[in-house]
Amino acid sequence: MILKTPFAIGLLALSFLTANGQETASAPITRGQSIYACHHSYFLPVPALLTEMARAGGFPDQIIVGTHMIGASKSIQHWNAHDAANRSKEVLGEGKLDVLILTPCYLPDDGIGNYAQLGFDHNPAIRVTVMEAWPAYDIYNPTVFDPNYQRHPGEPAFGPKLDRVERNKATKEALETMQAYYFRTMDEHIAALNKKLGKQVVFVVPAGQAVIALREKIIDGQAPGLKTQEDLFLDPIGHPKPPLAVLESYCHYAVIYRKSPVGLPVPAALAKAAISAGDLEPLNRLLQQVAWDAVIRHPLSGVTEKRVASVAR
């Protein structure tokens, strides 16, 4: 599964940077990274999983410096938050942070650029990763969490807010169409920020693309231990059950460490999930491969080496 339109736009943007002699910053990562995350609730399971994966992958010195959570948040909400728990600007100002993770809800906002500029000003080697997520309630409708949002010219019509979400009815075509505008606009925004900064500072974590690929595997009956698309979600909003949380975390691991997660052991959270023992290893390998495929196919991930291990059937 390849979402051609957003990838093509991102590829053109990166080609422009390369043609002008700018580096895409895809050198291997050789040490554990210091990480801060400004995030919404989809990301809540990731810090613990990412720490477990980093240790298993040879990065025991990884440090989660801190996190700041606001439910259903845009990055600008974290930028504007002045509560004591929010140390994001302070940490960036120290100039020692390796990676800032952002998970803006829905479409791009000014907070991404604000954070990227602040981080770059204090540490030109900073990497700001932006998670492109999956949609709440399985619809494209930014007004779900922002009632004041105004539809732009050329933007697709908003899906209806349903009392009941029936994810098992989603087709492959519907899954890809649902996310296309979001992916494209986010990629355009990030490519423009990198052009402004003169190098790639902002990177995409294509978790939403990986979710589509996994749901397509489920539709085709090729996901061990997952019988329906609903098996990925805790609630109508779309909070992740362990298999989806693990997939999301593998995407972050692959982008942060520029290393395939294929071959890492079954995470504890997945081992404790309601998955039959015989399906655990094959499912874990599938999640790893789907995450890695999504990352290496996205030109804004910063991962260019296409070492794709085969998935056990």
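The values are calculated or read from the model by the stated rules, or taken from the named source; none is laboratory data. Remember, predicted model here, so these are calculated numbers, not experimental data. Using ideal geometry, Cβ is built from the backbone for each residue, glycine included, and neighbour counts are taken over all protein chains shown.
May I ask you to verify whether Lys217 is modelled with pLDDT of 95 or more and closer than 25 Å to Val128 by Cα?
No: the conditions fail for Lys217.
I'd like the residue in the range 234-249 that is under 14 Å from Leu280 (Cβ atoms) and of a type outside the set (A, V, I, L, M) and, out of all such residues, is surrounded by the fewest Cβ atoms within 10 Å (Cβ to Cβ).
Among those that are under 14 Å from Leu280 (Cβ atoms) and of a type outside the set (A, V, I, L, M), it is Pro242.
Which ones in the range 38-83 are farther than 21 Å from Tyr106 by Cβ, polar (S, T, N, Q) and not in a helix (DSSP H, G or I)?
Hit for the range 38-83 is Gln62, nothing else.
Of the conditions (1) over 17 Å from the mean Cα position of the chain (by Cα); (2) more than 17 Å from Leu118 (Cβ to Cβ), Gly66 satisfies every one except a single condition; which number is it?
The failed condition is (2).
Any residue at all in the range 91-107 that's surrounded by 16 or more Cβ atoms within 10 Å (Cβ to Cβ) and in a helix (DSSP H, G or I)?
Within the range 91-107, one or more residues are surrounded by 16 or more Cβ atoms within 10 Å (Cβ to Cβ) and in a helix (DSSP H, G or I).
With respect to Thr5, determine if the residue is modelled with pLDDT under 95, within 18 Å of Val202 (Cα to Cα), over 16 Å from the mean Cα position of the chain (by Cα) and of a type outside the set (A, V, I, L, M).
So Thr5 does not fit the description; no.
Conditions first: (1) out of contact with any strand residue (DSSP E or B) (no Cβ under 7 Å at 6 or more places or on another chain); (2) in contact (Cβ under 8 Å) with a residue 24 or more places away in the chain; (3) charged (D, E, K, R). Lys241 passes all but one, so which condition is the exception?
Condition (1) is where Lys241 drops out.
Listed here are the residues, each with its yes/no results for (1) more than 28 Å from Ala116 (Cα to Cα); (2) acidic (Asp, Glu).
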site: Lys169; (1), (2): yes, no
site: Glu173; (1), (2): yes, yes
site: Asp187; (1), (2): no, yes
site: Ile190; (1), (2): no, no
site: Pro206; (1), (2): no, no
site: Ile218; (1), (2): yes, no
site: Thr228; (1), (2): yes, no
site: Phe233; (1), (2): yes, no
site: Lys241; (1), (2): yes, no
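In the range 113-151, which residue that is among the polar types (S, T, N, Q) and assigned to a loop (DSSP other than H, G, I, E, B) is surrounded by the most Cβ atoms within 10 Å (Cβ to Cβ)?
Asn141
Inside the range 215-231, can you point out the residues that are in contact with a helix residue (DSSP H, G or I) (Cβ under 7 Å, 6 or more places away or on another chain), of a type outside the set (D, E, K, R) and surrounded by fewer than 23 Cβ atoms within 10 Å (Cβ to Cβ)?
Across the range 215-231, the qualifying residues are Ile218, Ile219, Pro224, Gly225, Thr228, Gln229.
Just one of Asp293, Asp279 is surrounded by fewer than 20 Cβ atoms within 10 Å (Cβ to Cβ) and either within 23 Å of Asp187 (Cα to Cα) or at pLDDT 95 or above (or both); which is it?
Among Asp293, Asp279, only Asp279 is surrounded by fewer than 20 Cβ atoms within 10 Å (Cβ to Cβ) and either within 23 Å of Asp187 (Cα to Cα) or at pLDDT 95 or above (or both).
Output the qualifying pairs, or none if there are none: Cβ atoms under 8 angstrom, residues six or more apart or on different chains, first residue in the range 89-117 and among the basic types (Lys, Arg), second residue assigned to a helix (DSSP H, G or I).
Final answer for the pair search is Lys89/Trp79; Lys89/Leu118.
May I ask you to list the residues in the range 279-303 that are more than 18 Å from the chain's Cα centre (by Cα) and touching a residue at least 40 places away in the same chain (Cβ under 8 Å)?
Asp279, Leu280, Pro282, Leu283
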